[in-house]
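In what follows, a structure is listed as structure tokens, so that the remarks can point back to it.
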Amino acid sequence: MKEKLAKYINKELVKKGASDVVVNVGEVDAKQVKFVNNEIVKTGVEFIDHLDVFANFKNKLVSTSLRDFSQAAADKLIKEILAFSKNIQKKDDYYGVAKGDFKYKNVKDLYDKKYDNIDMVDLTMKAINASLVNGKRSSGILESNKFKNYLLTSNNVEKEQEGTHFYLSLRSFYDKDSSGHKNVAGRMLKDFNVEYAGLKAGEIAKDSRKPKKGNPGKFDVILDPLASAPLLDNIGNSASIFSVESGTSFFMDKLNQKVANNNFTLYDDATYANGLNSSDFDGEGSPSQKTTVIKNGVLKSYLHNASTAKKYKTKSTGNAGLVSPDPSNIVLDNGSKSVESLIKDVKDGLYITNVWYTRFTNYATGDFSTIPRDGIFVIKNGEINGAVNNIRISENMLNILNNIKDRANDLQQIRSWEAEIPVIAPSILVKDMNITRPVL
Amino acid sequence: MEKDIANFSIKYLQEKGAEYAEARLEEYDNTGFMLKNNTPEISGFDKNSGLGLRFIYHQTLGFVSINNFDKDKIKQTIDKSLSLTKKSSQIGEKVDLSKDSIYKKNYEVKQKQKIEDLRPEDKINILKELDKDVLNTKVKVPARYFSLSDVLTKKYYINSEGKEITSTIPRINLFYFLTIGAGKKLVQRYWQYGAVSGYEAIKKWNIHNVLQDEIKALDLVQKNGKKGPQGKIDVVAGPEITGIAVHEACGHPYEADRIYGREGAQAGESFVNINSIGEKIGNEAVTVIDDPMIENAFGYYQYDDEGVKAKKKYLMKNGIINEFLHDRQTSFKLNKKSNGSSRASSFGVEPLIRMSNTYIKQGKYSEEELIEGVKNGILMKSFTEWNIDDKRWNQKYVGSEAYLIKNGEIAYPLIRPTIEITTPSLYGSIDAIGKNFELHSASCGKGEPMQGLPVSLGGPSIRIRNITIK
């Protein structure tokens, strides 16, 4: 029914003069378990239907949605779109949505047929029990969803996608001053290891007990994937051409320039198997791509949709967003050393397992700070030497990119409160990171 | 509104054995506009609705959100939720709610200049005028981004105890992000304006003048600003800084769900505990209030999302921790009544304990008098970067528009003076409170999935003695 309405709306809007129409139809079926201090405090079940419409009338761009999936409601919406479009102003630098017919590759591991059999309570208990091996109480959330998506455009695109998502965020507490946090996320149950998250979070919580006051200064810092993800997330956002135009990018005017250490290569990859934001196609039907954003330290590409690509005389990177091209999955390749081996390379440093509250003084220059939380470990002469607290990373993104010296071989997929864009990355070693702390 | 759907769902939940059930049916009618470097981006309009159901089953809390109002689909979704909740009760927290009065109420915030009376073009022109104001300053502002949105929210709340509350709330939201100057010295300014009101809010904000003054001042900061003094000095902080400090370091740590650990995994816990009421935390000059009933303020409501009547709360009274923010779950644990602080950002999410409009109570000094009382210090009028740890103890505020104070007078602009301080040090060092007053609008984040919720924060200018500036 919704697909039929999508076709009708598309046809009618083109008839009425729209040069581009995109209709996105779908439904999401989601489940959630929230647990606090080893008890489930809330369950959630959600069902959401949607039919979203984008239309371009001579560079007047309208977005809306249909709430009631009836023919009469569709007719009413079409009238409203026409009236609204007459009453808005042109976006002069708009160049249309992607033109099909496209050939698509099927991205692997996006839909798990076993979704309906998932036992949310059993998985929650497994995660909590694993955390209790070392930790004393644990809190967090387990989420799963299943979705269907149908995309139809006036430019010869008609494509469907089904998918599943799984996500666990678990924070283990040992006492009031020591905690550990681990997330696991993915598209397939076979790789969704909740016990690993529980066990690791519990270990960090126990190991970080009796923290001392952290010292300010410059330190070599190892960032666990949960701690580096918010930084890589901001780097991904900065690569969007929309951020560059809005002044919210530290990559402004830096295309083909050196922005990072020679050994640093970063991708945006919507084709990543099991990637949380992976898909066969983007928001306007362009086939998904893997884009090298930074290669050997040089900024190689901004992220584009079809219209922004045309504006800048380049090719779409398959990141539509119809207005703002958005990153898909930010990917940093795995390294070759173990985390233990990275620790051995550090004389005077810190091992930070999580950060939160990343905020910028200046997006254009990349000046920011973020607060390490959960286990923060001191490294002395290649060995862990106790835990600290109450510190802050006060840094610059471009400095950090230039100071990433090494990567571990512990690649993980992270989605978190702080990293809404999925990041697939290993632990990284950053030299000379600026650490501050409040005057107590 | 399709009220029968909410009534049907409550009845079905009761038939199925739910010990308690409530429904929030919400309808949103909104429009949104963006202007980037004087180019209109996409414009949108939407009419949406959905149903949020919260219930207790086998003493465990369950939540359903759905926007498909087919009765069979609702039954099927509720059944799925009941089954998950029953199974969860094996390791479920035993939930109970504090008692509250039963009432039927209907309230509406009236608009003078109605949202629906403005054409889309009129709304884009509001942004175009602002962009023109920026250009008229002749200051170099190479990147300019504005957005404007409005939403009329109709809400129908019922519960199995017999409460029934209907509300109609209009909300206007304006945001800008400006990049001023060039090269390494460039500065950025982003700020939000919001109101529970019709479009008459735009005039009240006097945003044209405020925006131009800000840009001119920040241009001087980037051109003539100097690195300021470091070490222990006095600070006069304007209402923007008062607001963020009061929101982050008083409002958040006093949310009782946070204190009990319910948001521990993400938003964090609190440096205070449930028995901290009565403890001295700040100078006696400081009184902090959270008041949902301030008309037209961005965090305005009369009844919260558990249908509890909104109330003015004194979070800190003369430097003493006085009251926490509660919902019916946390207040039950203390054998108290809820103080009406339960809010959800949409039908799709459970209500959590949230602030509304949070501010420091006015004192008796003018801002000039506060400045006159400082020999060597800084005036911090606005901020850029800020953050605070998840127990609300260690915080940082970086000055945006700031000046050196020498012998009670403003000397010259400063580049990014930084306060990095603990909560007791901050509140213990405030020695005088201004009589000026501003409330600023913001979106406050909490919960997983993340709920961004309209709030306001502010108060008067304050003087903070002898704190470390970096």
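The values are calculated or read from the model by the stated rules, or taken from the named source; none is laboratory data. Predicted, not measured: the structure shown is a model, and the values here were computed from it. Reconstructed Cβ throughout: ideal geometry from the backbone, glycine too, with neighbour counts over all protein chains shown.
When only residues in segment A:28-37 that are out of contact with any Phe, Trp or Tyr (no Cβ under 7 Å at 6 or more places or on another chain) and not aromatic (Phe, Trp, Tyr) count, which is farthest from A:Val62 (Cα to Cα)? Give the derivation first.
Step one: of segment A:28-37, the residues out of contact with any Phe, Trp or Tyr (no Cβ under 7 Å at 6 or more places or on another chain) are A:30-37.
When the remaining residues are screened for being not aromatic (Phe, Trp, Tyr), the result is A:30-34, A:36-37.
Values: A:Ala30: 29, A:Lys31: 32, A:Gln32: 34, A:Val33: 37, A:Lys34: 38, A:Val36: 43, A:Asn37: 47 Å.
Of everything passing the filter in segment A:28-37, A:Asn37 is farthest from A:Val62 (Cα to Cα).
Kindly list, by first and then second residue, each pair from a residue in segment A:186-198 that is over 12 Å from A:Ile118 (Cβ atoms) to a residue that is part of a loop (DSSP other than H, G, I, E, B) and aromatic (Phe, Trp, Tyr), limited to pairs with Cβ atoms under 8 Å and residues at least 6 apart or on different chains.
A:Gly186/A:Phe192; A:Arg187/A:Tyr111
If we scan segment B:32-43, do we find a residue that is surrounded by fewer than 22 Cβ atoms within 10 Å (Cβ to Cβ), closer than 25 Å to A:Gly26 by Cα, under 24 Å from the mean Cα position of the chain (by Cα) and within 9 Å of another protein chain (Cβ to nearest Cβ)?
Checked against the condition, which is being surrounded by fewer than 22 Cβ atoms within 10 Å (Cβ to Cβ), closer than 25 Å to A:Gly26 by Cα, under 24 Å from the mean Cα position of the chain (by Cα) and within 9 Å of another protein chain (Cβ to nearest Cβ), segment B:32-43 yields at least one hit.
Can you name every residue in segment B:10-23 that is in contact (Cβ under 8 Å) with a residue 40 or more places away in the chain and either charged (D, E, K, R) or closer than 11 Å to B:Ser160 by Cβ (or both)? Lay out the reasoning, then the answer.
Here is the first cut: in segment B:10-23, the ones in contact (Cβ under 8 Å) with a residue 40 or more places away in the chain are B:10, B:12-14, B:16-23.
Matches in segment B:10-23: B:Ile10, B:Leu13, B:Gln14, B:Lys16, B:Ala18, B:Glu19, B:Tyr20, B:Ala21, B:Glu22, B:Ala23.
Within segment A:321-345, track down each residue that is over 25 Å from A:Phe251 (Cβ atoms) and either within 13 Å of chain B (Cβ to nearest Cβ) or buried (at least 22 other Cβ atoms within 10 Å of the Cβ) (or both). Spell out the reasoning first.
First, the residues of segment A:321-345 that are over 25 Å from A:Phe251 (Cβ atoms): A:336-345.
Within segment A:321-345, just A:Leu342 meets the criteria.
From A:Gly180, A:Gly163, grab the single residue that is under 23 Å from the mean Cα position of the chain (by Cα), closer than 26 Å to B:Ser83 by Cα and in contact (Cβ under 8 Å) with a residue 12 or more places away in the chain.
Working: A:Gly180 fails: closer than 26 Å to B:Ser83 by Cα.
None of the other options fit; the residue is A:Gly163.
Across segment A:144-164, what is the total count of residues that are surrounded by 21 or more Cβ atoms within 10 Å (Cβ to Cβ) and within 12 Å of chain B (Cβ to nearest Cβ)?
So the answer is 1.
What about A:Asp220, is it more than 27 Å from A:Leu110 (Cβ to Cβ) and of a type in the set (Asp, Glu)? Don't jump to the end; show me each part of the working.
Values: more than 27 Å from A:Leu110 (Cβ to Cβ): yes; of a type in the set (Asp, Glu): yes.
Considered against the rule, which asks whether it is more than 27 Å from A:Leu110 (Cβ to Cβ) and of a type in the set (Asp, Glu), A:Asp220 comes out as yes.
Collect the residues in segment A:416-427 that are out of contact with any Phe, Trp or Tyr (no Cβ under 6 Å at 6 or more places or on another chain) and under 20 Å from B:Gly445 (Cα atoms), keeping them in residue-number order.
Kept after step one, since they are out of contact with any Phe, Trp or Tyr (no Cβ under 6 Å at 6 or more places or on another chain), are these residues of segment A:416-427: A:416-417, A:419-427.
Listed by number, the residues that qualify are A:Ser416, A:Trp417, A:Ala419, A:Glu420, A:Ile421, A:Pro422.
Restrict the check to segment A:70-80 and report whether at least one residue is outside the structural domain of A:Gly275 (by TED's automatic domain parsing), more than 25 Å from the chain's Cα centre (by Cα) and of a type in the set (Val, Ile, Thr). It would help to see each step written out before you state the result.
Going residue by residue through segment A:70-80, those that are outside the structural domain of A:Gly275 (by TED's automatic domain parsing) are A:70-80.
Now drop any that are not more than 25 Å from the chain's Cα centre (by Cα), which leaves A:70-80.
After this cut, where a residue has to be of a type in the set (Val, Ile, Thr) as well, the list is A:78.
Yes, some residue in segment A:70-80 is outside the structural domain of A:Gly275 (by TED's automatic domain parsing), more than 25 Å from the chain's Cα centre (by Cα) and of a type in the set (Val, Ile, Thr).
Can you tell which of B:Gly268, B:Gly194, B:Gly225, B:Gly264 is touching a Phe, Trp or Tyr at 6+ places or on another chain (Cβ under 9 Å), without any contact (Cβ under 8 Å) to a residue 40 or more places away in the chain and either acidic (Asp, Glu) or crowded, with 19+ Cβ neighbours inside 10 Å (or both)?
Testing whether each residue is touching a Phe, Trp or Tyr at 6+ places or on another chain (Cβ under 9 Å), without any contact (Cβ under 8 Å) to a residue 40 or more places away in the chain and either acidic (Asp, Glu) or crowded, with 19+ Cβ neighbours inside 10 Å (or both) leaves just B:Gly264.
Exactly one of these conditions fails for B:Asp131: (1) over 27 Å from the mean Cα position of the chain (by Cα); (2) within 28 Å of B:Asn209 (Cα to Cα); (3) within 13 Å of chain A (Cβ to nearest Cβ). Give me its number.
Of (1) over 27 Å from the mean Cα position of the chain (by Cα); (2) within 28 Å of B:Asn209 (Cα to Cα); (3) within 13 Å of chain A (Cβ to nearest Cβ), only one is false for B:Asp131: (1).
Given the residues A:Thr317, A:Thr358, which is the only one that is in contact with a Leu (Cβ under 8 Å, 6 or more places away or on another chain) and either within 14 Å of chain B (Cβ to nearest Cβ) or not β-branched (Val, Ile, Thr) (or both)?
Details: A:Thr317 fails: either within 14 Å of chain B (Cβ to nearest Cβ) or not β-branched (Val, Ile, Thr) (or both).
Sole residue among the options that is in contact with a Leu (Cβ under 8 Å, 6 or more places away or on another chain) and either within 14 Å of chain B (Cβ to nearest Cβ) or not β-branched (Val, Ile, Thr) (or both): A:Thr358.
In segment B:344-390, which residues are away from every other protein chain (no Cβ under 14 Å), in contact with a His (Cβ under 7 Å, 6 or more places away or on another chain) and assigned to a strand (DSSP E or B)? Even if it seems obvious, please write down each step before you answer.
Taking segment B:344-390 first, the residues away from every other protein chain (no Cβ under 14 Å) are B:345, B:354-379, B:381.
Subset that is in contact with a His (Cβ under 7 Å, 6 or more places away or on another chain): B:355, B:358.
Within segment B:344-390, just B:Thr358 meets the criteria.
Search segment B:134-166 for residues being closer than 17 Å to B:Gln222 by Cβ and of a type in the set (A, V, I, L, M), and hand back the single one that is farthest from the other protein chains (Cβ to nearest Cβ).
Taking the candidates together, the pick is B:Val139.
Does segment A:26-84 hold any residues that are more than 7 Å from every other protein chain (Cβ to nearest Cβ) and either of a type in the set (Gly, Ala, Ser) or in contact with a Cys (Cβ under 6 Å, 6 or more places away or on another chain) (or both), and which are they?
Once the filter is applied, which keeps residues that are more than 7 Å from every other protein chain (Cβ to nearest Cβ) and either of a type in the set (Gly, Ala, Ser) or in contact with a Cys (Cβ under 6 Å, 6 or more places away or on another chain) (or both), segment A:26-84 yields A:Gly26, A:Ala30, A:Ala55, A:Ser70, A:Ala72, A:Ala73, A:Ala74, A:Ala83.
Restricting to segment B:48-60, name every residue that is in contact (Cβ under 8 Å) with a residue 60 or more places away in the chain and within 7 Å of chain A (Cβ to nearest Cβ).
Across segment B:48-60, the qualifying residue is only B:Ser49.
Kindly provide the set of residues from segment A:124-143 that are touching a strand residue (DSSP E or B) at 6+ places or on another chain (Cβ under 6 Å), away from every other protein chain (no Cβ under 11 Å) and among the basic types (Lys, Arg), ordered by number.
Hit for segment A:124-143 is A:Lys136, nothing else.
Restricting attention to segment B:310-326, which residues are within 13 Å of B:Ser356 (Cβ to Cβ) and touching an Asp or Glu at 6+ places or on another chain (Cβ under 8 Å)?
Passing the criteria: B:Ala310, B:Lys312, B:Lys313, B:Leu315, B:Leu325.
Within the set of pairs 6 or more residues apart or between chains, which connect a residue that is touching a residue at least 60 places away in the same chain (Cβ under 8 Å) inside segment A:378-395 to a residue that is surrounded by 15 or more Cβ atoms within 10 Å (Cβ to Cβ) and among the polar types (S, T, N, Q) with Cβ atoms less than 6 Å apart?
A:Ala387/A:Ser208; A:Asn390/B:Asn394; A:Ile393/A:Thr370
Among the residues of segment A:179-199, what is the count of those that are in contact with a Gly (Cβ under 7 Å, 6 or more places away or on another chain) and closer than 25 Å to A:Arg137 by Cα?
Narrowing segment A:179-199 to residues in contact with a Gly (Cβ under 7 Å, 6 or more places away or on another chain): A:180, A:187, A:192.
Filter once more, so that each one left must be closer than 25 Å to A:Arg137 by Cα: A:180, A:192.
Qualifying residue count, segment A:179-199: 2.
Would a scan of segment B:73-96 turn up a residue that is under 24 Å from the mean Cα position of the chain (by Cα), facing another protein chain (nearest Cβ under 7 Å) and more than 17 Å from A:Phe35 (Cα to Cα)?
Step one: filter segment B:73-96 for residues under 24 Å from the mean Cα position of the chain (by Cα), giving none.
Taking every residue of segment B:73-96 in turn, none turns out to be under 24 Å from the mean Cα position of the chain (by Cα), facing another protein chain (nearest Cβ under 7 Å) and more than 17 Å from A:Phe35 (Cα to Cα).
Residues to consider are B:Ile378, B:Ile353; find the one that is of a type in the set (Val, Ile, Thr) and in contact with a helix residue (DSSP H, G or I) (Cβ under 9 Å, 6 or more places away or on another chain). Lay out the reasoning, then the answer.
Numbers: B:Ile378 fails: in contact with a helix residue (DSSP H, G or I) (Cβ under 9 Å, 6 or more places away or on another chain).
That would be B:Ile353, the only listed residue that is of a type in the set (Val, Ile, Thr) and in contact with a helix residue (DSSP H, G or I) (Cβ under 9 Å, 6 or more places away or on another chain).
State which residue is nearest to the chain's Cα centre (by Cα) when the search covers only segment B:158-185 and only residues that are farther than 24 Å from B:His440 by Cα and surrounded by 20 or more Cβ atoms within 10 Å (Cβ to Cβ).
Step one: list which residues in segment B:158-185 are farther than 24 Å from B:His440 by Cα, which gives B:158-166, B:181-185.
This time we only want the ones that are surrounded by 20 or more Cβ atoms within 10 Å (Cβ to Cβ), so: B:158-159, B:165.
On the way: B:Ile158: 25, B:Asn159: 26, B:Ile165: 23 Å.
Only one residue tops the list, namely B:Ile165.
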